[in-house]
Structure formats: C-alpha cells, structure tokens
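**Q** Attaching a single structure in structure tokens format; questions to follow.
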Amino acid sequence: MMFKLITGRKWLRKSVCAKKQKREEDKISGLPDEVLLSILSLLSMKEAARTSVLARRWRKVWTFIPNLDFDPSQVFRSLALKERRKILGARDNKMLVDKYIDWVNLALEAYQGYSVDEFRVQFDLDEKHSCHIDKWVYFAFEKKVKRLVMEFQEYSMATYNKKLYSFPPLCDTTFKSRRSLTALDLIGVNISGCVVEYFIASCPSLRQLSVEYSDSMVGLKVSGESLCLEYLKLAYCDNLRSIYISAANLLSFEYRGLGAKITFANVPKLVELSFRGNYSEYIIRNFPQLSNFASQLVTLKLAVPQLEEKVKRRKFPLLAHLNNFELKVYGREFETLLAFAPLIEAAPSLVRFALDFCWIELTLKKMRSRRNRKKTPKCLHHCLKEVEFDGFVGHAIDMEFAIYLIQNAIALEKIIIAPMDSYRMGRCPFVDDISKEIQIIKEQVMKLESEFSLGDKLILRNFW
C-alpha cells in the first residue's frame, strides 16, 4: 500500500512538473502576432509552414508572413537543380516542375495576409506554365507587393530552344496596387520596353529595376521628372538596340550585353557604373562620351573580354571622385595590362583597385621567358591604398602590371595577390601538377616582395 502511495505521489509530482514546464515552454505562443510573424520571417517558407503543427495558436500564423520566397532548394533538399537536370529525364523533370507549381499554388490559396513585402519565384518554368505564373503575378499585385522577383533563366540554361515566359499584359484594373512596388527583378522573362516604361511611369515608388535574358526588349527609354529609380540593371537582352536614360535620382547603372547604343541625357546623381562584355571595349575606346558625368563617378566596374598587344595612350576624362575601380580582363602572354594605366591615372582620388585576371593561354609552362617585360610608366598615385590581384600567373603580362602599381602607389597599405584558380589551371592541357605550378607562381610573387620590400603589405590568398 505504501509503495502504491509513493508511486502515486511521484507520478503526480511528475505530472505537475510536466504541465508547469509545458506552460513555461508555451509562453512564446502568448506573444503578440507581430512578434510571432517577426520570428517566422527569419525562417524559410517550408520551415514557417511546419510551425502550424506546434499548437492551435500556430496553425495559421505562417499564412500571414510578409515574405514569400519559394526557394526550390526547400522542396528538393540539398540537391541542386542544375545537377538534377543532368540526372533526370524529361519525364522526371516535369514531375519536379509540377511539384513546385503545386507548392506555390497551395501556399497562395492558404495565404491570409493583407500585403506582401517580397514575392520570389525561381524555377525551370517557361511559356508552357503561363496560366500558373500569371495568377502568381496577379496575386502579388493584389497583395500590394513591394519587391517582385521572378527568376527562370538560371534553371533553364541547358534548354536553348525553349520559349520564355512573357509578362502578362498590364491594365489599370489588374495592377491597381502597383504603386507600392519598390523593386522589380526579372530573369528569363520576356518583357517589352513599352511594358517596362509603363512600370517606370506608373510605379512612383520603384527604386530598383533589373531585367536579364529578355528577348522582347528592343529599345528602352527611362525618362521622367518624378522618377524615384535609383538602381537599373540590363543584362543579356540580345535584341536590345538602344537605351535612353534621363533619371535625376539614378545612382547605379549596370549593363551587360553586345553593344546597345546608350544615351545618358540627365544623370546628375549617377555614382556607380558597371559594364561587361563587348560594350566594355567600346566604352574604353570612346570614354569621352561619358565626360558629362565622369567626374562624379565613385565606383567603376569593367569586364573586358579582349586586351591589346600594344600600349595605346588613350585620353580619358578626369575621374575626380573615383575611389573604387574593379576590372576583369581576359588576356594572353603577348598582350599587356599596361593599356589600362592611362585610365587609372585619370583617377587621382583612387583608393582601391581590384583586378580579376583570366589567363586564356592553353599552357602555363615555358611561357615566362617568351617576352621581356615592358617598361612601366611613371605616374604617382597619392591615394591608392589597396590593390587586389586575382588570377596571378607570374608571367610578364601580370608581373609588369604589378610592378607598375607597386612603384606608383606611394600610399600603398596592402596588396592582396591570389593565383589563378585551380579549376581553370586544371583545364590547361600542359599542367600536370597544379600544386607545383602554384608554388612556381608563389615564387614569382616572393620576387616582388623581395625587390620592393613589401613586408606586411603583401597578403597571399588561396596559395596552398
């Protein structure tokens, strides 16, 4: 009898403790809705939806989260979509597409929030799925979306003959809530210049616009006295022929393409400029076209696919406020990086210079003595404090350029040098031992350190 009584007391004590602990652990459920939504906004869509099983209080909280990011990795675990496309056949890929579409549709049907801060979809979708994507776009605008991201190209690079999804036609009744839109990012979505211009004109809060891989855009005019647009990116729109920009609040412009005609009519606040592809070569040869706003630039980024064999003393307008210059170039042994010296010299306030050098010779061996170093020009840089050099191979082409920077940057505080990456090096057919080649490159770097007594200024990165 005594044993039963003691056992009963222990059970009662445990039961009371368990209930007390449960009450303490569930205190989070008593928090205000705003706090719970703030917590769930830190989770992924799938993780937020899982909280519905915690308790009755949590059952529908996730249906009010302000950020709807339909990241495909949440559905297909850690296996990348690109890898799946290589492994799976067309039938299996269709099954994945259907699963993704069902996931988005079910989530939107359950959603009860009044507004959406961000709506993001990204998957291997195209024109065949327009009926679903159109509904998602309408949903986003009905919920007064602030940031709309549609990314379809990254997951469909292997399918060149597919027809891209076309953005739905606009009308005042369908997009009556577009005034809340602050950012629009479209990748792999066909949208015409007229539709983009309509967005710019009818979205007074639009500050960021990015369009990539659109076949429908032929011409674009960004103009308006009351435009709030601050960031504009146009990339890989192969049919784009002309761009006209008159935007008083534009801070940053990025263009990647074959060579559209770009007219900068009125850009008094433009401080960041980025060009990639053939247009970079064009703009270097015709830099005076930017003279009406060149002096106000703070950051300049260029990616040049081809170098010149001879140094040409081009004239560049004064880049009085440029303090950050990032350059990516593809080069061979008989070309020279010193062709960019005049451009660097045109920026007396330059503080940081970063070079990403891509070696495109088939071999690294027996090349270091094939040509002599060119004489480096002398032009002191009084403000240049930081130099980054990625893709260093220790040949005349990059050794002479490194010497030019070291000799002229009298205020140099650090120079970071990283070798040609092992993946690209492994593709050189005459490189048998990558680690040995990196060691040879390191020896070339140490020659610089010894010759110019760099000491702590020299920082080696990615050397094994």
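The values are calculated or read from the model by the stated rules, or taken from the named source; none is laboratory data. The structure displayed is predicted, hence computed values, not measured ones. Virtual Cβ from ideal backbone geometry, glycine too; neighbours counted across all protein chains shown. Heads up: the accessible areas ignore ligands, DNA and RNA and are worked out on the full protein's heavy atoms, side chains in. Shrake-Rupley method; radii C 1.70, N 1.55, O 1.52, S 1.80 Å.
**Q** With the structure loaded, tell me whether Val97 is assigned to a strand (DSSP E or B), at pLDDT 85 or above and surrounded by 14 or more Cβ atoms within 10 Å (Cβ to Cβ) or whether it fails that test.
**A** On the way: assigned to a strand (DSSP E or B): no; at pLDDT 85 or above: yes; surrounded by 14 or more Cβ atoms within 10 Å (Cβ to Cβ): yes.
Here the answer is no, as Val97 does not meet what is asked.
**Q** May I ask you to list the residues in the range 106-117 that are open to solvent by less than 40 Å² (accessible area, probe 1.4 Å) and free of Cβ contacts under 8 Å to residues at least 60 places away in the same chain? Before the answer, list the steps.
**A** We begin by selecting, within the range 106-117, every residue open to solvent by less than 40 Å² (accessible area, probe 1.4 Å); these are 107-108, 110-111, 113, 116.
Selection gives Leu108, Ala110, Tyr111, Gly113, Val116.
**Q** While we're looking at this one, here's another question. Out of (1) within 25 Å of Thr376 (Cβ to Cβ); (2) at pLDDT below 90, what's the single condition that is false for Gly259?
**A** Unmet for Gly259, out of (1) within 25 Å of Thr376 (Cβ to Cβ); (2) at pLDDT below 90: (1).
**Q** Does the range 76-89 include one or more residues that are farther than 18 Å from Asp185 by Cβ, over 21 Å from the mean Cα position of the chain (by Cα) and at pLDDT 90 or above?
**A** No, the range 76-89 has no match at all.
**Q** Residue under question is Leu454, and the condition is that it be touching a Lys or Arg at 6+ places or on another chain (Cβ under 8 Å) and modelled with pLDDT of 80 or more; does it hold?
**A** Considered against the rule, which asks whether it is touching a Lys or Arg at 6+ places or on another chain (Cβ under 8 Å) and modelled with pLDDT of 80 or more, Leu454 comes out as no.
**Q** While we're here: Exactly one of (1) basic (Lys, Arg); (2) surrounded by fewer than 16 Cβ atoms within 10 Å (Cβ to Cβ); (3) more than 20 Å from Tyr244 (Cα to Cα) is unmet by Lys261. Its number?
**A** Only one criterion in (1) basic (Lys, Arg); (2) surrounded by fewer than 16 Cβ atoms within 10 Å (Cβ to Cβ); (3) more than 20 Å from Tyr244 (Cα to Cα) is unmet by Lys261, namely (3).
**Q** Let me ask something additional. Mind listing whichever residues of the range 184-218 are aromatic (Phe, Trp, Tyr) and touching a Cys at 6+ places or on another chain (Cβ under 8 Å)?
**A** Start the filter on the range 184-218 by keeping residues that are aromatic (Phe, Trp, Tyr), which leaves 198-199, 213.
Result: Tyr213, single match.
**Q** Just to confirm my filter: which strands (runs of 3 or more DSSP E) fall fully inside the range 188-307 and include at least 1 residues that are closer than 24 Å to Tyr165 by Cα? Quick ask: steps written out before the conclusion?
**A** Details: elements: 208-212, 219-223, 231-235, 242-246, 252-256, 261-266, 272-276, 299-304.
Per the criteria, 208-212, 219-223, 231-235, 242-246, 252-256.
**Q** If I filter the range 227-252 down to residues being buried (at least 19 other Cβ atoms within 10 Å of the Cβ) and more than 17 Å from the chain's Cα centre (by Cα), which single residue comes out as nearest to Leu181 (Cα to Cα)?
**A** Leu229
**Q** Which of (1) out of contact with any Lys or Arg (no Cβ under 9 Å at 6 or more places or on another chain); (2) at pLDDT below 85 does Phe316 not meet, given it meets every other one?
**A** (2)
**Q** Something else now. Under 8 Å by Cβ, and 6 or more places apart or on different chains, what pairs join a residue from the range 261-289 that is among the hydroxyl-bearing types (Ser, Thr, Tyr) with one that is open to solvent by 70 Å² or more (accessible area, probe 1.4 Å) and outside any helix (DSSP H, G or I)?
**A** Within 8 Å, the pairs are Thr263/Tyr244; Tyr279/Leu258.
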